[in-house]
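Participant: Have a look at the structure that comes next, please.
Just so it is clear, none of the values below were taken in a lab; they were calculated from the coordinates. Bear in mind that the values here come from a model prediction, so they are computed numbers and not experimental data. Note that we place each Cβ from the backbone using ideal geometry, even for glycine, and neighbour counts take in every protein chain shown.
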């Protein structure tokens, strides 16, 4: 079973709108990371949130972490067409980085 | 800055053949991971190495093996290839990821088994 599960599986929004993606996981973690992947390309690291952090910002990205609910959310504000990609959360436990199912985001111009 | 380099970028093999994928991590990174990503799927963890020793093992078939060499590059060896092995194979490197460092991914090797 997946360590991280993402919700929704697909999201379609208009440019300028905000996009929120959620991730749930099952075991204790050291940190949680969000990655972006353009179709058929490599995974690009976006942001890392440690297990003792609750919220983190990076540019238009805002990540929250609720360890009591074992969940995280990624908010992309003021989305752009170039944000169209798949977004994955990945949990770190020990020295393992485990990915959950991604959210396919489409931002329409 | 140097990134994770994978070779080859594309590979076409026939069923039952063998394939070797190579990964060159970022200099001074001590951990290497291998992932398999099928079409429309999330990356599945195969195996990792820390300081040239196998660290963790995921859903890696017995037909696959991997190792990390003295120069820290890693190779994923795949034998008796099956059609279902067609996927993108990613390598990533990091500095001990549980110490809250990010993993950097290569561009992947697209393996097609025909």
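Participant: Shielding of A:28-37 by partners, i.e. mean partner chain Cβ atoms within 10 Å per residue?
Facilitator: Mean shielding by partner chains, rounded to a whole number: 3.
Participant: Across every pair of different alpha-carbon atoms, what Kirkwood hydrodynamic radius in Å does chain B reach?
Facilitator: Values: mean 1/r = 0.0715 Å⁻¹.
Over chain B, the inverse of the mean reciprocal pair distance is 14.0 Å.
Participant: With a Förster radius of 41 Å, plug the Cβ-Cβ distance of residue A:7 and residue B:96 into 1/(1 + (r/R0)^6) and report the FRET value to the nearest 0.05. Could the numbers behind the result be given before it?
Facilitator: Numbers: r = 30 Å, r/R0 = 0.74.
So, using R0 = 41 Å, E works out to roughly 0.85.
Participant: Could you give me D for chain A, from Stokes-Einstein at 20 °C and 1.002 mPa s, where the hydrodynamic radius is the Kirkwood radius over C-alpha pairs? Units µm² s⁻¹, please. Working shown, then result.
Facilitator: Numbers: Rh = 13.7 Å.
It diffuses with D of about 156 µm²/s by this estimate.
Participant: Averaged across A:96-109, how many Cβ atoms of other chains sit within 10 Å of each residue's Cβ atom?
Facilitator: Per-residue shielding by partner chains comes out at 3.
Participant: OK, next. Classify the protein assembly as shown from the C-alpha gyration tensor, please: rounded if a/c falls under 1.5, else prolate or oblate depending on whether a/b exceeds b/c. Let's see the in-between values first.
Facilitator: Values: a/c = 1.90, a/b = 1.43, b/c = 1.33.
It comes out prolate by the Cα gyration axes.
Participant: Any idea how far apart residue B:12 and residue B:110 come out in nm if each label point goes 7 Å out from Cα toward Cβ?
Facilitator: Result for the modelled spin labels: 1.2 nm.
Participant: Same structure again: Within 10 Å of each Cβ in B:33-39, how many Cβ atoms from other chains are there, averaged over the peptide? If you can, show how the numbers build up before the last one.
Facilitator: On the way: counts 3, 0, 4, 0, 6, 0, 1.
Whole-number average of other-chain Cβ neighbours for B:33-39 is 2.
Participant: How do B:73-82, B:12-21 rank on mean C-beta neighbours within 10 Å, highest first?
Facilitator: The most tightly packed comes first, giving B:73-82, B:12-21.
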